[in-house]
Amino acid sequence: MRGRSREAHRGTVDHPAAGGALRHPGSNAGPAGALSLSETTVKTHVARIFAKRGLRDRAQAVVVAYETGLVRAGDGLSKALRRASVRGRDGPRPRTVSARRLGGMTFIVTTGATGRLGGRIAARLAAAGAEQRLVSRAAGRVPQLDRASAISADYGDPEAMRRALDKATTVLFVSASESADRLDRHRTFVDVARDAGVTHLVYISFYGASPSATFTLARDHWATEQHIRDSGLPFTFLRDSLYADFLPSMAGEDGVIRGPAGQGRVAAVAQDDIADAAAAVLLDPGAHEGATYDLTGPRAMTLDEVAATLSRATGRTVTYHPETLEEAYESRRVYGAPDWQVDAWVSTYLAIAAGELEGVSDAIPALTGHPATTFEELLAKI
């Protein structure tokens, strides 16, 4: 990775239990376990929980769940909301909470719509019949999709983002382009989403996001995740690994991949697989509330193995040269990039060397219903 960095993202499932039970002092379980609460009591109880979040739509959804007999003793808030919008396997079939009932339109806001990943996700949502508002810094460049409108907005522009998120329910949050102030822009976006009453935020994060991650930008992803948690917004984090689609461009014009990755391994993931997983979550957000998914490829490879696979697939000789740290910084000096960006480029390889990108998860098949794409399969398509 010599000219530009591409980030990594990750794969086991961290799904906390649902929140506090929908019980209220003095309530009694009615027939079939339904709560014997008056509508006023339910409204009061839910309003107290969500008052500071500004999530009136979620409170109303629980009220609808009560009205249709779907709130049961011991239910968590997340489960009650899901029961208001999905069909049960046994007994009466719950009715869907309509957009009219929630007091506004029901649609998905898809950010990063002109990017390689955001565009893929938008196309899948359109194919599924979802209504979307596509957000980009240049609305004129967004793809023409069924049931989709477009709006120009930048994460760092609160007024523009307020318009973009007006009446939004579920929002895809693709991380902003790399910049020195990216974390500030992320925080601004999250704050606007919270104030707009967004009911679910799906954030494209990074594999191994942590305050102590070797890859410097993974620390920003961790900080963004924490800000989302602190905001009180319902969320799902998709931590995808290094893009497998990017691996071919790591080789220079001389066919050499250079970087201080040692013999570390990376379980790079195909962008199409990430898009499939993201679409599955966005189309059924309640089922994934509070979850963190590590999205990886099916196998972790050394860069020697990446080079060998590229050679077989392209007929061009590709090799890997494990640079020293000093060589890595020197070879990238020619680009004249700021220090933070060079640190990001170099630390991607250092994270591979440290074993921080070698994990393989089953999140892709679990979310999509198909196996994760191998690097060989990906190369056969391009």
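Readers should treat all values here as calculations from the given coordinates under stated rules, not as data from a laboratory. These numbers were taken from a predicted model, which means no experiment stands behind them. All Cβ positions, glycine included, derive from the backbone under ideal geometry; neighbour counts span all protein chains shown.
The figures follow:
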read-out	value
Relative contact order for region 288-382, counting Cα pairs under 8 Å that sit 6 or more residues apart, in percent	48 percent
For region 267-286 and region 104-176, distance of Cα centres in Å	16 Å
Mean Cβ neighbour count within 10 Å, used as a protection proxy, ranking 158-170, 296-308 highest first	296-308, 158-170
Loop trypsin sites (Lys or Arg not before Pro), region 309-376, which have at most 14 other Cβ atoms in a 10 Å radius of their Cβ (DSSP)	Arg316
Global geometry of region 113-254, whether rounded, prolate or oblate, following the gyration tensor of its Cα atoms and the 1.5 cut on a/c	oblate
Surrounding net charge for Thr373, when Lys and Arg each add one and Asp and Glu each subtract one, Cβ distance under 11 Å	-4
Packing-based exposure ordering (other Cβ within 10 Å, fewest first) of Tyr203, Tyr329	Tyr329, Tyr203
